[in-house]
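Below is one structure, written out as structure tokens; the observations come after it.
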Amino acid sequence: MDQETTSNNNPADADVSVLYRRVLLKVSGEALMGEQEYGIDLATVDRIATEVRDAVELGIEVCMVIGGGNIFRGLSGAAKGMERASADYMGMLATVMNGLAMQNALERLSVQTRVQSAIPMATVCEPFIRRRAIRHMEKGRVVIFAAGTGNPFFTTDTAAALRAVEMGCGALFKGTQVDGVYSADPKIDSQAQRYEHLSYMDVLSRDLQVMDASAISVSRENNVPIVVFSVQEKGEFVKVLKGQGRCTIIRNS
């Protein structure tokens, strides 16, 4: 990967060798469940928050998008008979809850954090304002983007790709349960092939279940690499940022 040259306001860390200086980390809601079947496992949230803090301490500007599937999935609700738009709005509210939980965990680690929601709810968080979000990151704050794009029929993967482009991020980091992209689910198929590098078209043509097609298209059109890694491995986020961890890189070939 090419070195990202985004400015960094932490001169003490300017000599740290990292691949990108501003990134968006996408974490699924399910990742926050830990070993539970539902809801938020605070120990897991704390562990992920520690990973983000370690990245911030390297001088990396970090923003986040967290899914809501640990609380409510709009698509599942629609499949059970709910109107799709209403179900999606409920899912967006779930992402706000997850964002507030992550904010609390980060601030207990002394990391200044702001939650910005695409659906205005001024009592609990800021509205999404692009220039304000960029300024927060320039000041070393973590920004968590909640409520997806603010529109039904779009996933948080698409929201992550959109925010990564809007924030001028060097890459979109997708934290998953496995250490990259495989040809099949490696937990089910022991013969599944792991990929080191893929193009956006590879992902689309092979129907690899990394992110939805809209997210891949947004990333492709704006040339934002997608880095898929295991968020379950302690310290892996920083390792991948330094080019030392296991991951799959998706970008234009």
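Does Met92 satisfy the condition of being buried (at least 22 other Cβ atoms within 10 Å of the Cβ), touching a helix residue (DSSP H, G or I) at 6+ places or on another chain (Cβ under 7 Å) and hydrophobic (A, V, I, L, M, F, W, C)? No. Can you find a residue that is at pLDDT below 95 and more than 15 Å from Val227 (Cβ to Cβ) anywhere in region 16-27? Taking every residue of region 16-27 in turn, at least one turns out to be at pLDDT below 95 and more than 15 Å from Val227 (Cβ to Cβ). Taken residue by residue, region 210-219 has at least one member that is assigned to a helix (DSSP H, G or I), surrounded by fewer than 21 Cβ atoms within 10 Å (Cβ to Cβ) and without any contact (Cβ under 8 Å) to a residue 60 or more places away in the chain. Out of the residues in region 220-253 that are surrounded by 15 or more Cβ atoms within 10 Å (Cβ to Cβ), closer than 24 Å to Asp46 by Cα and of a type in the set (S, T, N, Q), which is modelled with the highest pLDDT? Residue satisfying both the conditions and the ranking: Ser230. Sort out which residues of region 108-142 are in contact with a Gly (Cβ under 6 Å, 6 or more places away or on another chain) and assigned to a loop (DSSP other than H, G, I, E, B), and write them in order of number. Hits for region 108-142 are Ala118, Ile119.
Can you find a residue in region 174-184 that is of a type in the set (A, V, I, L, M) and within 18 Å of the chain's Cα centre (by Cα)? Yes, the conditions are met somewhere in region 174-184.
Note on region 21-43: residues that are touching a strand residue (DSSP E or B) at 6+ places or on another chain (Cβ under 8 Å) and among the polar types (S, T, N, Q) amount to 1. Contact map, region 187-204: first residue of a type in the set (S, T, N, Q), second residue assigned to a strand (DSSP E or B) and surrounded by 14 or more Cβ atoms within 10 Å (Cβ to Cβ), Cβ cut-off under 9 Å, separation 6 or more or different chains; pairs are Gln193/Tyr182; Ser199/Ile250.
Counting the residues of region 67-90 that are in a loop (DSSP other than H, G, I, E, B), among the charged types (D, E, K, R) and touching a residue at least 12 places away in the same chain (Cβ under 8 Å) gives 1.
Being among the acidic types (Asp, Glu) and in contact with a Lys or Arg (Cβ under 7 Å, 6 or more places away or on another chain) narrows it down to one of Glu57, Glu83, Glu126, so name that one. Can you show your working first?
Numbers: Glu57 fails: in contact with a Lys or Arg (Cβ under 7 Å, 6 or more places away or on another chain); Glu83 fails: in contact with a Lys or Arg (Cβ under 7 Å, 6 or more places away or on another chain).
Result: Glu126 is the single residue among Glu57, Glu83, Glu126 that is among the acidic types (Asp, Glu) and in contact with a Lys or Arg (Cβ under 7 Å, 6 or more places away or on another chain).
Would you be able to say whether some residue in region 169-184 is surrounded by fewer than 22 Cβ atoms within 10 Å (Cβ to Cβ), basic (Lys, Arg) and not in a loop (DSSP other than H, G, I, E, B)? Scanning region 169-184 turns up no residue that is surrounded by fewer than 22 Cβ atoms within 10 Å (Cβ to Cβ), basic (Lys, Arg) and not in a loop (DSSP other than H, G, I, E, B).
The values are calculated or read from the model by the stated rules, or taken from the named source; none is laboratory data. Keep in mind that what you see is a predicted model, and the values were worked out from it rather than measured. Using ideal geometry, Cβ is built from the backbone for each residue, glycine included, and neighbour counts are taken over all protein chains shown.
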